[in-house]
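The values are calculated or read from the model by the stated rules, or taken from the named source; none is laboratory data. Here the structure is a predicted model, which means the values were calculated and not measured. Cβ: placed from backbone, ideal geometry, glycine included. Neighbour counts: every protein chain shown. Only protein heavy atoms, including side chains, enter the accessible area calculation; ligands, DNA and RNA are left aside. Shrake-Rupley method; radii C 1.70, N 1.55, O 1.52, S 1.80 Å.
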Amino acid sequence: MRRGIAAGNWKMHGSRQFVADYVRALDGQVQSLECAVVLFPPVGYLPLLAESLRHLDLDRIVELGAQNLHTEVQGAFTGEMSGEMLADLGARWVLVGHSERREYAGETNDVVAAKTAAALRAGLKPMVCVGESEADRDAGRAEAVVIGQLESVLARCGGELGAIAYEPVWAIGTGRTATPALAEEMHALIRSALANHSAPAAELPILYGGSVKGGNAGALFAERDIDGGLVGGASLKAEEFMEIARALPG
Ligand code: 13P
């Protein structure tokens, strides 16, 4: 059975004070959750977050991840971090293919596949993000775009991934959440595409992301193939993130 995952992508938000307050707010709440919890802070705050969680004995409950990685192990790549370095800092997970990196850093499907391979090489669990734009959906190519993004990763890396996150771009940060039925349709399609690649389709968690909030999480997570949430804005409020996590079964 797939265990639910509540994942918080802080994007480029936070400070040392934010980390301290956040971990204090998790304490006493995160211990009673049935689902797994993963936090993706800005990379510079990874060690502080890891240490703050350890201090309260929460490091066994909350796993950490990075929002990006480079494909190489080391070298003359100014400003970059390798998967091996992220693992060394306490990351167990890494986001790959987030739509903001596809859009602002020009990451193509090939780059995303190479980064997924690099994550696996470093022993990190890649959370591979896929999702169509509003223009893709309007043009009737949402499924083709999402499956194309997925297939390029599967062709290079196989299906032994950490998780897939379906994040329709038009729902990210817009307050326009996909309906549970629409999200479920895409999740079921993703699961069947995984099965075509003899990937462990039944075991791989598929998370939904895009304006997940305390108030809509329960309806989304009730769908058969939605195994959790990759939460942006609402994960910045520890209380609301915990409310979302409580909507997930173990
Ligand atoms: P929001 O929850 O802010 O819409 O962001 C979703 C997301 O991109 C998570 O990776």
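Computing Rg and the Kirkwood Rh from the Cα coordinates of the stretch 1-111 gives a ratio, Rg/Rh, of 0.99.
Once you reduce the stretch 68-115 and the stretch 222-238 to the center of their Cα atoms, the two points are 23 Å from each other.
At 222 nm, what helix-only mean residue ellipticity would the chain give, in deg cm²/dmol to the nearest 500, using -39500 (n - 2.57) for each DSSP H run of four or more?
Estimated from H runs of four or more residues: -11500 deg cm²/dmol.
Within the accessible surface of the chain, defined with a 1.4 Å probe on protein heavy atoms only, the carbon and sulfur portion equals 51 percent. Evaluate the charge dipole of the chain about its Cα centre and quote only its size in Debye, nearest 20, assuming +1 on the Cβ of each Lys and Arg and -1 on the Cβ of each Asp and Glu. Dipole about the Cα centre, nearest 20: 240 debye.
Sorted largest first by accessible area at a 1.4 angstrom probe radius, with every protein chain in place, the residues His197, His55, His187 fall in the order His55, His197, His187. Among Val153, Val94, Val23, whose mean-square fluctuation peaks in a Gaussian network model of the chain (Cα, cutoff 10 Å)? Top of the fluctuation ranking is Val23.
For the chain, the residue among Val112, Tyr45, Leu189 whose Cα projects farthest onto the positive side of the dipole built from Cβ charges is Tyr45. Sorted largest first by accessible area at a 1.4 angstrom probe radius, with every protein chain in place, the residues Arg246, Arg176, Arg102 fall in the order Arg246, Arg176, Arg102. Ordering Pro126, Val153, Gly65 by the projection of their Cα atoms onto the charge dipole of the chain, which places +1 on the Cβ of Lys and Arg and -1 on the Cβ of Asp and Glu, puts Gly65 at the extreme positive end. Accessible surface of Ile147, taken over heavy atoms with a 1.4 Å probe and every protein chain present, rounds to 30 Å². Once you divide the Cα radius of gyration of the stretch 45-179 by 2.2 N^0.38 Å, the number left is 1.12.
Using only alpha-carbon positions in the stretch 98-241, the gyration tensor eigenvalues give semi-axes of 22, 17, 16 Å once each is multiplied by 5 and square-rooted (largest first).
Amide H to amide H, with H built 1.01 Å from N, Ser82 comes under 5 Å of His70, counting only residues 5 or more places away or on other chains.
Scalar couplings 3J(HN,Hα) for the stretch 89-97, obtained by applying the Karplus form with A = 6.51, B = -1.76, C = 1.60 to θ = phi - 60°, are 8, x, 6, 10, 10, 8, 6, 10, x Hz; x denotes Gly and Pro.
Relative contact order for the chain: 23 percent, from Cα pairs under 8 Å spaced at least 6 residues apart, divided by residue count. Accessible surface for Leu64 stands near 10 Å², nearest 10, in the context of the full protein assembly shown (1.4 Å probe).
In terms of its Cα atoms, the chain spans 48, 46, 32 Å along the principal axes, sorted from long to short.
The value obtained for the stretch 48-115, namely the Cα convex hull volume divided by the number of residues, is 103 Å³ per residue.
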